[in-house]
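J.: Structure incoming, see below.
Read the figures in this text as sums done on the coordinates, not as results from a lab. Being a predicted model, the structure only gives us computed values, none of them experimental. Every residue, glycine among them, receives a Cβ derived from its backbone with ideal geometry; neighbour counts consider all protein chains shown.
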Amino acid sequence: MEFKDVIYKRRSNRFLSDKPLKEEDLNYIFEIAQRAPVGMGKYEWIRLVLLEGEALKKVQQEFVNVVGKDVSYGGSALIYILHTGASDAIDNLDGGAIAEHICLAAAERDIGSVFLWSVTRTKDSEVINRILQKKDNEKVIAAVTLGYKSSEEVRDVSHKIEVLKVK
Ligand SMILES: Cc1cc2nc3c(=O)[nH]c(=O)nc-3n(C[C@H](O)[C@H](O)[C@H](O)COP(=O)(O)O)c2cc1C
């Protein structure tokens, strides 16, 4: 698939099935995630946690218990991005770069995805942190929910960022 086609194919799809993803596709997504740029090249400060099956169901139930809804929109895989870095700004930017790589790799494989900041709303949940095996010095930065699309519907948003060109 052409690069531009992947970019346009990536939309936040919030109608995700719980049918398990192929292991080969998940491996590909992690391979691409590893190629994201991160501040100072400190890849060792970051940990990705893949939740599937029963572990994912427990986390989705905890979203409902704490937030009032499943912020992961169903799906069959949820990748958490955890960071032990020293600066909130860089940690969040690293998370953004990694999450976008994950979403693009998923798009190339026709897998639906949504970049989720909302998982930070349950950052203090003991249930979720135990499942993530979160260490005391780690922060939850974001997550990406993944799943086969049960509908192609996406929100009607305007992809228009102001650009100033100066010579
Ligand atoms: C930093 C960031 C955080 C986001 N957090 C959420 C979220 O918590 N829940 C959600 O449904 N979408 C979330 N999104 C998805 C955006 O709403 C979506 O990318 C944007 O509206 C553009 O739509 P598109 O992804 O379909 O192109 C987030 C996106 C980014 C970049």
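J.: Assuming 0.36 nm per residue, please report the length gained on full extension of the stretch residue 150 to residue 86 beyond their Cα-Cα distance.
T.: 19.1 nm
J.: Quick check on packing: order 161-167, 75-81 by the mean number of other C-beta atoms within 10 Å, highest mean leading.
T.: Going from most to least packed, we get 75-81, 161-167.
J.: Further question on the same structure: In Å, the Kirkwood hydrodynamic radius of the chain over pairs of distinct alpha carbons?
T.: Evaluated on the chain, it is 16.5 Å.
J.: A follow-up question, please. Just to be sure I understand the model, the point goes 7 Å from the Cα along the line to the Cβ. What's the resulting residue 67 to residue 166 distance in nm?
T.: Modelled inter-label distance: 3.8 nm.
J.: Okay, next question. Going down the list 22/69; 22/135; 58/134; 42/134; 42/139; 4/139, which pairs span over 21 Å between their C-alpha atoms?
T.: Beyond 21 Å: 22/69; 22/135; 4/139.
J.: With both partners inside the chain, how many of the DSSP beta bridges are antiparallel, as a percent to the nearest 5?
T.: 90
J.: Continuing with the same structure: At what distance in angstrom do the alpha carbon centres of the range 105-146 and the range 1-41 lie from each other?
T.: Spelled out, the Cα-based centre of one part sits 14 Å from the other.
J.: Neighbouring Cβ atoms within 10 Å as the yardstick, rank 139, 57, 160 fewest first.
T.: The most exposed by this proxy come first: 160, 57, 139.
J.: Given N residues in the range 13-107, what is its alpha carbon radius of gyration divided by 2.2 N^0.38 Å?
T.: Normalised by 2.2 N^0.38 Å, the Cα Rg of the range 13-107 equals 1.14.
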